[in-house]
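The structure under discussion appears below in the form of structure tokens.
Read the figures in this text as sums done on the coordinates, not as results from a lab. Worth saying up front: this structure is predicted, and the values here are computed from it rather than measured. Note that each Cβ is placed from the backbone with ideal geometry, even for glycine, and that neighbours are counted across all protein chains shown.
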Amino acid sequence: MNLYELIAKLRELSGSKNKIAFLNNNSTNKLLERYLSAVYNPRLNYYMVKYEVAPAAEEAFDDVEVENILSLLTRLSNREVTGNAAQELVNEFTSTVSKEAQELLHCALKRDIRASVAAATLLKVWPSLIHVEPYQRCVLEKDSKGSIADWGLYISQLKADGMFVSLDMTHEYISSRNGTIFPNSKPFRDLIDFVANQYASVGTVFEHTLEGELLIEKDGVILPREESNGMLNSLLQSGEDLIEGCKLIYKVWDIVPTAKRIYKGEYNRPYKERLALLETFLGYDESQQAHIIETKYFNSYKDCVEHFLGLIAQGEEGTIVKHPSAIWIHGDNKHQIKLKIEAECDLKIVGFNPADETSKHKSTFGSLMMQSSDGLLEVGVTGLKDDMRKNLWDMKDQLIAGEAIVSVRFNDIMKPKKEGELHSLFLPRFIELRLDKKEPDSLERVIEQFEAAKTR
């Protein structure tokens, strides 16, 4: 089979076991391996937001076309051609290849072969095929290790409303949570240089990677999360520069040796010592482009909660409470507790949003479309177990006609960006179908419940 046929066959298979078996049977196919790496390796960025697809050439697909695709992708990734020139190159390329080659190129640029293949699946066949970015996650209080009341000393930090990034001082690049490297354009270069200058007195610092939150400041004001993250995602995709008047701000909370910061790795130096290392050369001065995130030391968990509530009252997202002896690990760290506001509301089902064709839920739906009683709030809700999803799908017409009520848990209320748009919810999750209730909450009631949650 040629490469296109292999991909088509993979799409036909169901279940990860069958997909792994198929890939194992073709694991010696170097062209397949190289193509999948080109599609799924987050370290490769093609900076291609849009392009035109010309009518395909009247010719049969051949694996030679894949070599040409890979060559084109390498040129894009290396920034040999950028901007309009890159778009023109891709447009011209699509006019010279078969429709199958066009599809394979499109999959590569969109980073998905549409076969429901996850990174974990590929790594079971080719362990070093793609880079997997290590990431340390916080847990909720209920999932913490031991009694949080017995910690003795607490390190409470602001949960910044930005985008998580790591700054690798060893290799001098900034990467996103999934491992995509930001372009080496002037704003990012300036940030790296600033940090390097701050660290010049520390002989081993260039062996480390920093972790923190990246935000954008415009005309001296930090932009809201949606706007800031939207701009950063656009920079990741296009490789373009920041607009005039904008500046990167990096709020740092951890420093880990680059050699230890690996997939499934750990670093046993206590967090109090890692933070102290940061304090020696970075500091808390918020006027500096890179600084340590707001940090408080407390002797009781009650004081941590007061710190959390005080920041919430100021409009901040929340706090992270860390044990002074916490190690760094890839995965869930039960000595890092995320405090956040959670509230519940009751909304009515008004529709079923379709699932993506590559989703395992394509035979049912992607999310529930929910609405407040006054129609001023509308949101797609997920978080359903498979059996509940099927039950709701089987009753969809009845549920819509009867304006069925669902309890929804959420973490914030999203205000409309433009006139005429509706309110929405941040991180909405399905809780239960309320067969005992007939009236959904109004927007006013949802706001009341969220404000009440802030005082608990």
Worksheet item: Sequence-distant or interchain residues sharing an amide H contact under 5 Å with residue 95, placed H: which?
Response: 54
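Note the full-extension length gain between residue 422 and residue 63 as 0.36 nm times their separation in residues minus their Cα-Cα distance, in nm to one decimal. Write out the running numbers ahead of the final one.
Details: separation 359, 0.36 × 359 = 129.24 nm, distance 4.92 nm.
In short, 124.3 nm is gained.
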Fill in: Segment residue 184-residue 26, extension gain: residue separation times 0.36 nm, minus the distance between their alpha carbons
53.2 nm
Practice prompt. Hey, for a label at residue 124 modelled as a point 7 Å past Cα toward Cβ, could you say which residues of region 350-372 have their backbone N under 17 Å away?
Written response: 360
Worksheet item: Among 120, 13, 104, which residue has its Cα positioned farthest towards the positive end of the charge dipole of region 3-125, with +1 placed on the Cβ of Lys and Arg, -1 on the Cβ of Asp and Glu, and the dipole taken about the Cα centre?
Response: 120
Response to the item:
Between the residues 424, 231, 178, the Cα farthest towards the positive end of the dipole of the chain, that dipole coming from +1 and -1 charges on the beta-carbon of Lys, Arg, Asp and Glu, is from 178
Worksheet item: Where the centre of each part is set by its Cα atoms, how far does region 187-233 sit from region 95-161, in angstrom?
Response: 22 Å
Item to complete: Could you check the simple spin-label distance between residue 99 and residue 135, using points 7 Å along Cα→Cβ, in nm with one decimal?
Response: 3.7 nm
Discussion item. Can you give me the long-range amide H partners of residue 173? Hydrogens built in the peptide plane at 1.01 Å from N, cutoff under 5 Å, separation of 5 or more residues or another chain.
Written reply: 168
Worksheet, complete the sentence: Residues whose modelled amide H sits under 5 Å from the amide H of residue 292, counting only those 5 or more places away in sequence or on another chain, are 252, 283, 284, 285
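Please report the net charge: other residues with Cβ closer than 15 Å to the Cβ of residue 354, K and R +1, D and E -1. Let's see the in-between values first.
Working: positive: 360, 362, 389, 396; negative: 356, 357.
Counting the neighbours of residue 354, the net charge comes to +2.
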Worksheet, complete the sentence: Rounded to the nearest Å, the spacing of the alpha-carbon centers of region 334-411 and region 255-293 is 39 Å
Worksheet item: Which aspartates and glutamates have a Cα less than 14 Å from the Cα of residue 260, not counting those fewer than 8 places away in the same chain?
Response: 133, 168, 207, 211
Fill in: Antiparallel bridges, percent of DSSP beta bridges restricted to region 343-453 (to nearest 5)
90 percent
Worksheet item: Toward the positive end of the charge dipole of region 136-339, about the Cα centre and with charges on Cβ (Lys, Arg +1; Asp, Glu -1), which of 163, 149, 246 goes farthest?
Response: 149
Worksheet item: Calculated from DSSP H runs of 4 or more alone, at -39500 (n - 2.57) each and per residue, what is the 222 nm mean residue ellipticity of the chain, nearest 500?
Response: -10000 deg cm²/dmol
Item to complete: May I ask for the net charge around residue 84, where only other residues with Cβ less than 13 Å from the Cβ of residue 84 are counted and Lys, Arg are +1 while Asp, Glu are -1?
Response: -3
Worksheet entry | Cα-projected label distance for residue 5 with residue 196, points at 7 Å along beta-carbon direction, nm | 5.1 nm
Item to complete: Please work out the C-alpha center-to-center distance from region 432-452 to region 11-71 and express it in whole Å.
Response: 47 Å
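Assign unit charges at the C-beta atoms only (+1 for Lys and Arg, -1 for Asp and Glu), then state the dipole size of region 343-453 relative to its Cα centre in Debye, rounded to the nearest 20. Can you show the working numbers first?
Values: 16 positive and 21 negative charges, 76 e Å.
Charge dipole of region 343-453: 360 debye, to the nearest 20.
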Item to complete: Determine which residues of region 238-260 fall in the zone a paramagnetic label at residue 177 would reach in this model, i.e. backbone nitrogen under 20 Å from the point 7 Å along Cα→Cβ.
Response: 238, 249-256
Response to the item:
per DSSP, antiparallel bridges as share of beta bridges in the chain, % nearest 5, sits at 90 percent
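About its Cα centre, how strong a charge dipole does region 1-155 have in debye, to the nearest 20, once Lys and Arg get +1 and Asp and Glu get -1 at the Cβ? Before the final figure, lay out the partial values.
Numbers: 18 positive and 20 negative charges, 154 e Å.
Magnitude of the dipole: close to 740 debye.
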Worksheet item: Once you put a point 7 Å from the Cα of residue 170 and another 7 Å from the Cα of residue 241, both along the Cβ direction, what distance in nm separates them?
Response: 3.2 nm
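Students often check this: by mean Cβ neighbours within 10 Å, which of 58-71, 244-257 ranks highest, and how do the rest follow?
Details: 58-71: 15.4, 244-257: 19.2.
Put in order of decreasing packing, that is 244-257, 58-71.
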Discussion item. If each residue of separation counts as 0.36 nm, what is the full-extension length gain between residue 374 and residue 263 once their alpha-carbon separation is subtracted?
Written reply: 35.2 nm
Item to complete: Among the listed pairs 296/338; 251/415; 50/362; 340/438, give every one whose C-alpha distance is greater than 18 Å.
Response: 251/415; 50/362; 340/438
Worksheet item: If you put +1 on each Lys and Arg Cβ and -1 on each Asp and Glu Cβ, how big is the dipole of the chain around its Cα centre, in Debye rounded to 20?
Response: 1480 debye
Discussion item. If a paramagnetic tag sat 7 Å from the Cα of residue 305 along the Cα-Cβ line, which residues of region 140-184 would have the backbone N under 14 Å from that point?
Written reply: 141-142, 148-150
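Starting from the Cα gyration tensor of region 343-453, take the square roots of the eigenvalues, sort them a ≥ b ≥ c, and report rounded, prolate or oblate (rounded when a/c is under 1.5, otherwise prolate if a/b is larger than b/c, else oblate).
Numbers: a/c = 1.74, a/b = 1.43, b/c = 1.22.
Prolate, because a/c is 1.5 or more and a/b exceeds b/c.
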